[in-house]
Structures are given as structure tokens and as C-alpha cells.
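Below is one structure, written out as C-alpha cells; the observations come after it.
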Amino acid sequence: MEKFKEPILVTKSFLPPIDEYKKEIEKIWETNWLTNQGPLHHELNSKLNDYLKVKNSTLFVNGHLALDVAIKALNLTGEVITTPFTFASTTHAIKMNGLKPVFCDINLDNFTIDVNKIEALITSETSAIIPVHVFGNPCDIAKIEEIAAKHNLKVIFDAAHVFGVQIDGVGIGSFGDVSMFSLHATKVFNSIEGGVLAYNNKDLAKGFDLYKNFGITGPETVEAVGLNAKMNEFQAAMGLVNLRYVEKEIENRRAVANKYREGLRGIKGIRYLPDAPGVKHNYAYFPVLVEKTEFGMDRDELHDTLKEYNVFARKYFHPLVNEFECYRDQYRVSDTPNAKFVGDRVITLPMYGGLELEKVEKLCNIIRSLGCK
Ligand code: T4K
């Protein structure tokens, strides 16, 4: 089969029509307000509350600092239970706050934290759970909330991948103490870079605002040691324009996901995830597990061979966080066997709304042709 003429990358940032963005940023020339909670920031904030179906939210310059601020403002201490099958950000945010990440294994059904293994990891030092709705798949939220209530733990959901996801019509940011959404360029919805904390308890807003702005509370008062994590007006403008297109983007992604499922169906050794009942998915990623004994090639061979066809899939998330150079001396990967299993087999195929369905079909045919006959 012939290679693709143009490279196909794992994703492609959504960009709105440039004139719409220009029109939005013209307002910045009128207000002369570039950052520090300007009018576009406020407008985006209130529109995101509606779109995400959450009671309260606070905007940030990126998702990582939003997570960092959530950890600080919730006063977490000691140990925090999380998963190693995630992006570096989740664990680094815990570690950089002087806390100890404790890795819980994942389940093999949708790669989120295995709720049956959490309680065994709770000690007198545990203050919180930071589960990850990885690839856009919701964790077992009810069970996590039950465990947290029983042991008096805080819950911060790393919701970086689940912008727009709903469960039975409820915004996924409505659960736990707080949820962090990433609005990075590679996400379903972007504000170039950006982050959102969503939460029910409006009293939390004060701490989030405090830590994202150097701990400043007034022109002559600084109440806490904070950082600078403010979203600027150019980011907010991009968010406002992109919000007009996000539903269409998700619809297009749904078509891409369904095309993959159709094209990959029945290939031995290739496994992909179904939609979960009651969930409005956002199709943030299209992860596939490759089983060498059935497919004939392992994940790494498939990944490298696809490059020859001009397809640049990615191994999200390999290596696992507990295999990183900076963590591996402190943890045993054998403690999280399902995460190891998935991390060694997973490949995320190209996924974005603008990916033509004919290309998806051809890519599936290429994968089929590479497998065992
Ligand atoms: N928690 C989780 C679970 C996360 O996955 C992330 C971020 C965070 C927390 C932290 O949120 P942020 O602080 O980032 O808001 C990317 C993203 O940078 C990162 O946001 C994301 N997760 C992670 C999973 O992926 P890289 O290093 O793999 O991205 P990069 O630069 O290789 O880009 C991937 C592809 O995206 C490129 O091949 C092409 C496309 N792309 C990329 C950029 C930057 C574009 O089309 N346009 C662009 O501007 O980390």
C-alpha cells in the first residue's frame, strides 16, 4: 500500500477561521487590557460554566498550573493516590508540592484507576486521590467518591482529557472536590494553552484566585506564597471563538472514531474501546492495544512501520510515570501490572476533527495488511 503524501500526526490543533479570531482580539486593542482577569477572560469563564455544566470554574494559563494550584489550595498533605498511566503532569504536580505520589494500578476496561485497589493503598498519611479520566474515559466516579467519603480524603480529578464529556447529562466536572480540564493546543477544545478548575463549593474560588495571582489579595496585601498562572486575553479570545465550534469538532471526531472501529473490526490482536453507556464522549484520543501473539507485530514495530507510511502515531502513555528516570528508583512497576500491560501495548492513532474519513479507512487497511494473514 502506498504511503500518505502528507504526514499524518497524532493530532492537529483546531484553528477557527482567522477573521473570527482577528475580530475577537480587536477588542483587546479597544480595552488595552491584555491579561490579569480581563473582560474576555470573564466572558469565557461564564460561557465555560454553561458549556461544561458546572457550578463554578476558575481559568488558568495551562492545565498543569491549574492542577498545581488545586493541590495547594486544597492543602493536601503527605500521600496522594494516583495512577502511573498518565502524562507526566499529574505526578509532577503532586511531587512539586512536596507530596508523595502513591501509584494505584488501572483497570483493563478503560485504563482508569482500578477502584478495587485504592483502599489497600490508603495510610494515615493519605490526604487525597487524584484519578485521571484518561483518553476521555470517565473513571468509576461513584466508587471513588464513596471511598473518599469513607476515609475523609479529597478528590481532584485530572480531567485534562474530558472537556465536554457528560455522564447521564451531567457535566463531568461536577464530581469530586475539583476537576482540572486542559485547554492545550492538542486537546478537543483549546485556548492555545489553558486550564480550568471546575468545582461545586464556591468557597474554593478564593484559594484558587489567590494562588494563581502571587497570593495577592489587594493592592497592598499579599496573603500567601502564590504563583503566576493567569490566563491572558489572547488565550481567552481563542477560547471564545473555538467554543462556537467545539460541538462540531466533537461530532467530526465521533465520525473518525466510528470509522476506525469499522475499519479495525476483526483484526486479530488489535483492541479498541467501545463508547460507555450513558456517556457523551469527546473522542479526545483513539487508543488501541496491540497484542503481538495475535497481530504478528508488537506495538513498537507497528509504531515504527506506520512512520514509513507517513503516519506518526504516539505511544501515550509509555513509559509509565513509575518507569521515568526521575521516579523509577522509588517505585516498582510490578506493583501496577495492568498499567504495565497497557503501557507496553498501547498506541494512540491520529485523531482530530479534520482527519478525512478516507484517510482513516486507508490507515485501517494499512494496519490490516501488516497483521497476521
Ligand atoms: N494531565 C494530563 C492527563 C495530560 O494529558 C496533560 C497534558 C496535563 C495534565 C497537563 O495539561 P497542560 O498543562 O498541557 O494543559 C502533549 C500536550 O502538550 C499536553 O497538553 C498533553 N497532556 C499531552 C498528552 O500531549 P506532547 O509533548 O506529546 O505534544 P507534542 O508537542 O508532541 O504534540 C503532539 C501533536 O500535536 C503534534 O505531533 C502535532 C499536534 N500539535 C501540537 C502542537 C503543540 C499541533 O497540531 N499544534 C500544536 O500547536 O504533549
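Things worth noting here:
- Residue satisfying all of: in segment 156-196; touching a helix residue (DSSP H, G or I) at 6+ places or on another chain (Cβ under 8 Å) and hydroxyl-bearing (Ser, Thr, Tyr); farthest from the ligand (Cβ to nearest atom) among these: SER179
- The single residue among ILE144, ILE192, ILE156 that is assigned to a helix (DSSP H, G or I) and either at pLDDT below 95 or within 19 Å of the chain's Cα centre (by Cα) (or both) turns out to be ILE144.
- Some residue of segment 220-234 being open to solvent by less than 10 Å² (accessible area, probe 1.4 Å), polar (S, T, N, Q) and under 28 Å from THR31 (Cβ atoms): no
- If only residues of segment 6-52 that are among the aromatic types (Phe, Trp, Tyr) and within 22 Å of the chain's Cα centre (by Cα) are counted, the one that is surrounded by the most Cβ atoms within 10 Å (Cβ to Cβ) is PHE14.
- Given (1) open to solvent by 50 Å² or more (accessible area, probe 1.4 Å); (2) in contact (Cβ under 8 Å) with a residue 12 or more places away in the chain; (3) within 16 Å of the ligand (Cβ to nearest atom), number of the condition LEU349 does not satisfy: (1)
- Filtered by the rule that a residue be assigned to a loop (DSSP other than H, G, I, E, B), in contact (Cβ under 8 Å) with a residue 12 or more places away in the chain and under 19 Å from ASN49 (Cα atoms), segment 202-216 gives a lone residue, LYS202.
- The condition (being surrounded by 24 or more Cβ atoms within 10 Å (Cβ to Cβ) and away from the ligand (no atom under 16 Å from the Cβ)) is satisfied by just one residue among ALA148, ALA237: ALA237.
- Selection from segment 1-30 of residues that are part of a helix (DSSP H, G or I), in contact (Cβ under 8 Å) with a residue 60 or more places away in the chain and away from the ligand (no atom under 16 Å from the Cβ): GLU20, GLU24, ILE25, LYS27, ILE28
- Residue check for PHE214: at pLDDT 95 or above, open to solvent by 30 Å² or more (accessible area, probe 1.4 Å) and more than 15 Å from the ligand (Cβ to nearest atom): yes
Listed here are the residues, each with its yes/no results for (1) of a type in the set (Gly, Ala, Ser); (2) open to solvent by less than 20 Å² (accessible area, probe 1.4 Å); (3) closer than 29 Å to HIS42 by Cβ; (4) more than 16 Å from the ligand (Cβ to nearest atom).
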position: VAL54; (1), (2), (3), (4): no, yes, yes, yes
position: PHE60; (1), (2), (3), (4): no, yes, yes, no
position: VAL69; (1), (2), (3), (4): no, yes, yes, no
position: LYS72; (1), (2), (3), (4): no, no, yes, no
position: THR82; (1), (2), (3), (4): no, yes, no, no
position: PHE85; (1), (2), (3), (4): no, yes, no, no
position: THR91; (1), (2), (3), (4): no, yes, no, no
position: LYS95; (1), (2), (3), (4): no, no, no, no
position: ILE106; (1), (2), (3), (4): no, yes, no, no
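- Segment 40-72, residues that are assigned to a helix (DSSP H, G or I) and among the β-branched types (Val, Ile, Thr): VAL69, ILE71
- Among the residues of segment 50-58, not a single one is among the aromatic types (Phe, Trp, Tyr) and in contact with a Lys or Arg (Cβ under 9 Å, 6 or more places away or on another chain).
- Of all residues in segment 108-117, those being more than 16 Å from the ligand (Cβ to nearest atom) and either in a helix (DSSP H, G or I) or polar (S, T, N, Q) (or both) number 3.
- Single condition ILE129 does not satisfy, out of (1) within 16 Å of the ligand (Cβ to nearest atom); (2) out of contact with any Lys or Arg (no Cβ under 9 Å at 6 or more places or on another chain): (2)
The values are calculated or read from the model by the stated rules, or taken from the named source; none is laboratory data. It should be emphasised that the depicted structure is a prediction, and the values quoted were computed from it without experimental measurement. Positions of Cβ are backbone-derived with ideal geometry, glycine not excepted, and every protein chain shown enters the neighbour counts. Accessible surface is based on the protein model in full, side chains and every heavy atom, while ligands, DNA and RNA are left aside. Shrake-Rupley method; radii C 1.70, N 1.55, O 1.52, S 1.80 Å.
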